[in-house]
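Written out below as structure tokens is the structure these notes cover.
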Amino acid sequence: VLQGLAGNDTTECAYVAMGADEKCELPYFATRVTFGRSGVKKVHDMGKLSDYEQGRLQEAMKQLKEEIDAGLAYASTTSL
């Protein structure tokens, strides 16, 4: 992130709000993000997944959805 803010575009994995991606129905997910001088420049889609990777993603999404929902519920009742 700091490299991007310094003017050196850099791509790293980050946990971000997801847009429409047919492979992942979750509201948040870790994916490649390009950071630039103004912050997030581009959130990359997952790209092509093998059948095995797609199966593993489906297995992981159930657990991740529960964790995301718990985090959102906590955040809605807690102030900083």
Yes or no: GLY55 more than 14 Å from the chain's Cα centre (by Cα) and surrounded by fewer than 16 Cβ atoms within 10 Å (Cβ to Cβ)? yes
Pairs please, first residue from the stretch 24-41 and of a type in the set (Asp, Glu), second anywhere and open to solvent by less than 80 Å² (accessible area, probe 1.4 Å), Cβ atoms under 8 Å, 6+ apart in sequence or on different chains. GLU25/MET61
Identity of the residue in the stretch 29-44, of a type outside the set (Ser, Thr, Tyr) and part of a loop (DSSP other than H, G, I, E, B), that ends up modelled with the highest pLDDT: ARG37
What residue, of ALA60, ALA70, ALA6, is among the small types (Gly, Ala, Ser) and under 16 Å from the mean Cα position of the chain (by Cα)? ALA60
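Do the conditions hold for GLY47, that is, is it within 29 Å of GLY4 (Cα to Cα), out of contact with any strand residue (DSSP E or B) (no Cβ under 8 Å at 6 or more places or on another chain), at pLDDT below 90 and loosely packed, with under 13 Cβ neighbours inside 10 Å?
When the stated conditions are applied, GLY47 passes them.
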Quick one: would you say LEU26 is surrounded by 13 or more Cβ atoms within 10 Å (Cβ to Cβ) and part of a helix (DSSP H, G or I)? no
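The values are calculated or read from the model by the stated rules, or taken from the named source; none is laboratory data. What you are looking at is a predicted structure, and each value in this text was computed from that prediction instead of being measured. In this analysis, Cβ positions are derived from the backbone assuming ideal geometry, glycine residues included, and neighbour counts consider all displayed protein chains. Calculation scope for accessible area: heavy atoms of the full protein, side chains included, ligands and nucleic acids excluded. Shrake-Rupley method; radii C 1.70, N 1.55, O 1.52, S 1.80 Å.
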